[in-house]
Every structure is written in C-alpha cells, then in structure tokens.
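Undergrad: This is the structure I have questions about; it appears just below.
Each reported figure results from applying straightforward, stated rules to the coordinates on display, with no laboratory input. Source: prediction; values computed, not measured. Note that we place each Cβ from the backbone using ideal geometry, even for glycine, and neighbour counts take in every protein chain shown.
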Amino acid sequence: MNIISHLRNLLPLMILLSMSSFGFSQNPDQNQSSFAETDLVITTETLEDSSAKETSLDSGNTAWMITATALVLFMTLPGLALFYGGLVQSKNVLSVLMQCFAIACLASLLWVVCGYSLSLTPGENEWIGGTSAFFLESLSMENLNGDIPESVWVIFQMTFAIITPGLIVGAFVERIKFSAVLLFSGLWLLAVYFPVCYWVWGGGWLAEKGVIDFAGGIVVHATAGASALTLAWMLGRRQGFPKSLRPPHNPGMVMIGASMLWVGWFGFNAGSAAAANESAGMAMLVTHISAATASLVWMFIEWKKTGKPGLVGIVTGTIAGLATITPASGSVGPMGAIIIGASAAIVCYFACGFVKEKLGVDDSLDVAAVHGVGGILGTLMVAYLGWNTDLGGLGISLDSWQDQLIVQAQGCVAAIVLSVVATYLIVKIISPLLGGSIRVSEEDETKGLDQALHGENAYTLH
C-alpha cells in the first residue's frame, strides 16, 4: 500500500516530465508559453492556499484576545469598583460596588440583545449599525472575525461597553437612586455608546473621515466624561460640597483598584490591536510609559502645591495617563508617550480644580476632568505625535497632521454633543418614572446608601 500511495503521489510529476521530454509542440516558444501557463496555475493555487491560511483561525492571536478580554473585564470588576469604592465614605462603599457590578451585568445582556449588532455590523447608513446580529442570532462556533473566533471578538468588545457606563458612576456617587442607575445606564448605552461606537469602529461617518481612536479616547472617555459632567450638574451637589466633604475612607483600596486598572489597561490598549503582533507590543509599552510619567508629574505638582505627596494623588495621575494615551496607543512611540503622560498630568490636574471650583459642579470622583479631558487631549495630540516620526510617530491616516487634527476635533465635538444632549433627555425622561427625581432623599443620603438602599454595611466591628 505504501508503494502504491507513493506512485499515486508521483504520477502527476511523471506525466509532466514525460510531456516535457517528448514535446507537445515543435515550436520552442509554444513550449515556453505552455510552461508559463503551468506556472500560473501553480502560482494561483499557492495564492489560494495562502489566502485560506490568512482566513483560518490563529491560535496565538486567539489566546491573546481571550487574555485581553479577561484583562478588560478585570478593569471594571474589581478594578474600577475598588478604585471608586475607596474614594467614597464608608457608608456608601457597597453602593458603588453594587452599581459597578449591576452595570456590568446589564451592559452584557444589552450587548447580546442589540449592542453588538448596532455597534459593529454593517448598517444601511453611516449613523448606526444593522440588525442582522440581534441576539447574536447568526453567531456560530465556526464564525471568524479576521483570524480569531467572532465569539471572542463579541465578548472583547462587550467589555468596553461594560466599563464605559461604569466610568460615569464616579460622577453621581453617594446621592443617586439605584433604580436610576440601571435605567440611565441602559438608555445611555442605546442612545450614546452604541451609535458612537459605530461611528468610530463600526465603519460609520467618523471612520470614513479617517479618525484615529485606537482604543477609546472618543468612544469611551469623551462620551463618559461629557455625560458625567452633565449628569453631575443635573443631579446637584452632595451634602457638604465643597467645604465639608470627608476624605476618601480607604486610600489603600483606591491604590489597589488603580493598580488593577493599570494592569487591565494592557488588555484595553494592546488588545485593541486584535492580534498578538508588533502593534500590540508597542501599544502595551507606550501605555505603561504614559501611566508612569503621568503618575510622577501629578505627584510632583501636588507635592509643590500642598507640601506633601499623596497616595490618592499619584494614582489619580496614573488613571489620567492611561486615559490620555488610550486613543494614541496605536500611533505613537515611547517619546510620544512621555509627552502625552506629562501633558495628561498637568492638564487633568488643573481640570479637576476648574470643574469643582470654577464651574461648581460636584463631579464627585473627577470623571470629566480625568477621563473626559484626558481622552479628548489624547485624541487631539495623536494628530501631531502620530505624524512626527522624529518623536516615534508611527504614521497617521491623512496627508498632514493639521488635516488629521480637524478630523480628531470633529470626532470629539460630535461625541460630546450627543453625550450631553442624550444625558439631559434621559434624565428628564426617567425622573417622572422615579417619583420626580433620580436623587435619594436627604434622610437616605445622610444615612448612607449602603444601608438605605441595599440594607447592608461594608464594615461590621465587634
């Protein structure tokens, strides 16, 4: 059987050699032409094989994307929850954890029902995606997105939809009804996140213009920041703001949460390369550099102004650096990351004071000043830093950095306008459904949301 198999495999080659030996034309030119045709067939088959390999599953890329997905979910649960939880009073820490956890569950189901389809599948226009993937109806184990399973791509993008409304939690802590959190978050995903995601990443009008948003400066941070500022203004100030607010009840928890966010951000940014490749490696490197730079610059600014370097301050700088590098992480090199990190610390530090002192808005945990301002800053800076190869820029979409800057600004303005208008309308719609206000009573605010809304206490001392 082995001999027969070998002969069968050699038979085509033997026929070809026989034809070339006896000649199937006396004209040498015709023989050359015939062999050229044979080469063409072989080349076409080779290309087809190569194409098949390109569309087949890549286990290395798949493994990385599964890991990145876990890292991004780790950012919200438990990273963001602990970061925010440590910043509030002890009587409200469980309410923050509950809000982050419930939003994660709600966003997951909404993503399956319609979010993935509206955000990332082709639509009939440039404003919103299609309906073909509602309830993930067409998803199967064989479906691929590039060279990774589509199921992995679905859940990777789901984690972004989870953390974005989770970021807004920081603007309304310690004074909002839990039912309002659920209603607002669900409607906000439908009205803001899904459309903007399609504009930028799903092939919408901003994608057609060539906007650069590698991992969410516009889609995640600009939208969350603008909505946070609007919602905090509509909700009103906490009791005692700004003179007699109590400091964070657990700075250690804040640092642990921020550290988890830092680690998880590698999945956020490097995972956005959608492959285990050079782009992912550079994105991870510049993410770390920006975070480290911003942390130190923020610490030194605070040290100079207050006389003491604080733990909460340095880790807030970390988040500013991470948020600001996010849209640029696929386009800049190490030098660009240092510039972005330093700029993030300086701009976001003073933005915190501007929002609370000049505007008088109780954006409780500085969502607008850190995430919003940072995301917008990075989105604009990538136009120049991504273009300038002397600073390690990796190239931009358009012909000049000025043209790119215009497109980047258009993306930021569009996301901000939609976020502000939608947030205002959502609050106006849901308030009558919740007794006329989304805010808890003064009695419940004084008592603390942990006990008033959830009937639990974070700490029990015996």
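Undergrad: Quote the charge dipole size of the chain about the Cα centre in Debye, to the nearest 20; the model charges only the Cβ of Lys and Arg (+1) and of Asp and Glu (-1). List each step's numbers first, then the result.
TA: Working: 18 positive and 32 negative charges, 468 e Å.
Using Cβ point charges on Lys, Arg, Asp and Glu, the chain gives about 2240 debye.
Undergrad: While we're here: Which ³J(HN,Hα) values, rounded to whole Hz and listed in residue order, are derived for the range 239-251 from phi using the Karplus coefficients 6.51, -1.76 and 1.60 in 6.51 cos²θ - 1.76 cosθ + 1.60 with θ = phi - 60°, glycine and proline given as x?
TA: 3J(HN,Hα) across the range 239-251, in whole Hz: 4, x, 6, x, 7, 10, 6, 7, x, x, 6, 8, x.
Undergrad: Here's another thing I want to ask about it. So who's got an amide H within less than 5 Å of the one on L144, skipping anything under 5 residues away but keeping other chains? H placed 1.01 Å off N, in plane.
TA: E150
Undergrad: For the chain, how many pairs of lysine residues have a Cα-Cα distance under 21 Å, where the two are 8 or more positions apart or belong to different chains?
TA: 13
Undergrad: Ok, one more. I need the phi-derived Karplus couplings for the range 439-451: 6.51 cos²θ - 1.76 cosθ + 1.60, θ = phi - 60°, integer Hz, Gly and Pro marked x.
TA: 9, 6, 6, 4, 4, 5, 5, 5, 5, x, 6, 4, 7
Undergrad: Please name which of G378, I218, P242 has its Cα lying farthest along the dipole of the range 66-454 towards the positive end, using unit charges on Cβ (Lys, Arg +1; Asp, Glu -1) and the Cα centre as origin.
TA: P242
Undergrad: Toward the positive end of the charge dipole of the chain, about the Cα centre and with charges on Cβ (Lys, Arg +1; Asp, Glu -1), which of Y349, W64, A452 goes farthest?
TA: A452
Undergrad: Got a sec? How would S227, S59 order by Cβ neighbour count within 10 Å, fewest to most? Kindly include the intermediate steps, with their values, before the conclusion.
TA: Values: S227 32, S59 11.
Ascending Cβ contact count within 10 Å gives the list S59, S227.
Undergrad: Roughly speaking, what is the centre-to-centre gap between the range 99-178 and the range 275-333 when only Cα atoms are used, to the nearest Å?
TA: Distance between centres, Cα-based: 27 Å.
Undergrad: Could I ask something else about it? Going by how many other Cβ atoms sit within 10 Å of their own, how do H221, H454, H249 line up, fewest first? Write down the numbers at each step before the final one.
TA: Details: H221 33, H454 14, H249 18.
Lowest to highest Cβ neighbour count: H454, H249, H221.
Undergrad: How much mean residue ellipticity at 222 nm does the chain get from its helices, if each DSSP H run of length 4 or more adds -39500 (n - 2.57) and you divide by all residues, to the nearest 500 deg cm²/dmol?
TA: Helix contribution divided over all residues of the chain: -21000 deg cm²/dmol.
Undergrad: Given R₀ = 22 Å, FRET efficiency for L359-W127 by Cβ-Cβ distance, to 0.05? Write down the numbers at each step before the final one.
TA: Values: r = 31 Å, r/R0 = 1.41.
That pair, L359 with W127, gives E of 0.10.
Undergrad: Roughly what would the spin-label model give for L311 and S140, points 7 Å off Cα along C-beta, in nm?
TA: 5.4 nm
Undergrad: Nearest 0.05, what FRET efficiency do A102 and K304 give at R0 = 56 Å with Cβ-Cβ as r? Let's see the in-between values first.
TA: Values: r = 40 Å, r/R0 = 0.72.
FRET efficiency, A102 to K304: 0.90.
Undergrad: Something else: How would you rank D403, D363, going from fewest to most other Cβ atoms within 10 Å of each one's own Cβ? Numbers along the way, then the final one.
TA: Working: D403 16, D363 25.
Taking fewest neighbouring Cβ atoms as first place, the list is D403, D363.
Undergrad: Find how much the distance from Y459 to L57 grows on full extension, using 0.36 nm per residue of separation minus their present alpha carbon separation; answer in nm with one decimal. Please list the in-between numbers first.
TA: Working: separation 402, 0.36 × 402 = 144.72 nm, distance 4.88 nm.
Here the answer is 139.8 nm.
Undergrad: Let me ask something else about it. Once percent of Cα pairs over 35 Å apart is worked out from the coordinates, which option in [x] 32; [y] 29; [z] 36 does it equal?
TA: [z]
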